[in-house]
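Here is the structure we will look at, set down as C-alpha cells.
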Amino acid sequence: MQLMRAQIAKHGGPENIEWVRHAMPSPDAGEVLIEHTAIGLNFIDTYHRTGLYPLELPSGLGLEAAGRIIAVGDGVTEYAKGDRVAYMGPSLGAYATHRIMPAAALFKVPDAISDETAAAAILKAATTEALVERCAALSAGDTVLVHAAAGGVGQIMAQWLKAIGVHVIGTVSTDAKETIARAAGCDHVIRYDHEDIAPRVREITGGGGVPVVFDGVGKDTFMASLDSMAPRGLLISFGNASGPVENVNLGILAQKGALFVTRPTLFHYYTAPAERAAGMARVWDMIGSGQVAINVGQTYPLKEAAQAHRDLETRSTTGSSVLIP
Ligand code: NDP
C-alpha cells in the first residue's frame, strides 16, 4: 500500500507543488498513522511555498488536517485505531492521503463536529481563540477592527467577537464579501477596495478609534491600522496576505498614540499540554454550541492544491477551503 503526498523541491509558484508516492509507513513509538479525510488550506501554506517563510527543501506542505487513526505505535495510550483526530502542525506535510504524526500533536474531534469542519477550522479557530481571548484584553461593548472579515480566519473571528459581545468593523474587497462579512456578525463593513479605512473607522467610532486591530493583511493595511487606533491601542499583526510589514521606525508608535504592536503566531499560544487542551476545548465549545459556524467556501480534490493556492492568492475564496484526498 502507498500514500501520496505533496512536495516542493524549490520555492516559487503553485506549479512547484509536486506529488510523490511512498510506501505506507508504520508508526514508531509515540506516533500514529492517520488516514486523512479532509485537509485545511491556510494562507501560511502559500508563504511556505513561495519561500516568504523559508523551508529546508524538499519539504511537504500543509499544517492542518483531520482523519482516522489506522495504526498506533508503541506507548500510545491516549489514542486507538478508529479514533477521529485533527491537528494543526507544527510540522508540514498535511497535503497527503496519509501521515505519521506524534500522538502529542493530535486533538480528538468531538462526535458532533464533522471531519470537514474540523479540518476547515482547527488552525483558524485556534488562532482566533488565542488572539481574541488571550492576546487582546477585550470587554463586551468594545469595538474592534478585523481585516479580511470574509476570509477563513476573518469569518471565524467576526463571529467569535460577536459572541462575546464585541462590536466588529470588518474590511472586505467586494460586494459579495460584504454580504458574507455582515452575515458573520460585522456591525460595520469598510470596502477597503475603494474606501479609506482610518477615516471610516474614526467616523464609526465617533472619532475615538478602536482599542484593538486584528490585521492579517499586513503590508497594505499596516499604516491604516495604526491610524485607526485609539491611544495605547493594540495592533495584532498576525499575517502577510498582501506582503510582510517591513522597515518600521518604532517612533511611529509614539507619534500615533503610544501604540502597542504584537506579531504573534498561533504556535506560541499552543505550547504546554494544559494550554493546548484548554484552548482546543474552547474552540470545540464555540463551534459545537453553534456560536461560531464554520463556512467552507470551497472544496478541492487534494491533487488540485495548486488551483486552491491560486484562488487564495487572487482573493477568489471566501471562508475556509478544504482539500479532499
Ligand atoms: P483568508 O481566507 O483570510 O485569505 C486572505 C484574505 O486577505 C483574502 O481573501 C483577501 O480578502 C485579503 N487580502 C488583502 N490583500 C490581499 C492580497 N494582496 N492578496 C491576497 N489576499 C489579500 O486567509 P486565512 O484565513 O488562511 O489567513 C488570514 C491571515 O491570517 C493570513 O495572513 C494568515 O497568514 C494569517 N494567519 C496567521 C496565523 C498566526 O499564527 N499568526 C494563523 C492563521 C492565519 P479581501 O479580498 O476581502 O481583501
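Bear in mind that the values in this text are calculations on the coordinates, not laboratory data. These numbers come from a predicted model, not from an experiment. With ideal geometry, Cβ positions are generated from the backbone for all residues, glycine too; neighbour counts draw on all protein chains shown.
Quick notes on this structure:
- Ser289 satisfies every condition listed in (1) more than 12 Å from the ligand (Cβ to nearest atom); (2) within 23 Å of Leu61 (Cβ to Cβ); (3) among the polar types (S, T, N, Q) except (2).
- The single condition among (1) more than 22 Å from Ala103 (Cβ to Cβ); (2) out of contact with any strand residue (DSSP E or B) (no Cβ under 9 Å at 6 or more places or on another chain) that Ala29 does not satisfy is (1).
- Count of residues meeting criterion [surrounded by 17 or more Cβ atoms within 10 Å (Cβ to Cβ) and of a type in the set (A, V, I, L, M)] in the range 254-278: 3
- Residues within the range 292-316 that are within 14 Å of the ligand (Cβ to nearest atom), surrounded by fewer than 16 Cβ atoms within 10 Å (Cβ to Cβ) and within 18 Å of His36 (Cα to Cα), tallied: 0
- Where helices (runs of 4 or more DSSP H) fall entirely within the range 112-183, those with at least 1 residues that are in contact (Cβ under 8 Å) with a residue 60 or more places away in the chain and more than 13 Å from the ligand (Cβ to nearest atom) are at 115-128, 152-163.
- Residues that are in contact with a Leu (Cβ under 8 Å, 6 or more places away or on another chain) and among the small types (Gly, Ala, Ser), drawn from the range 259-287: none
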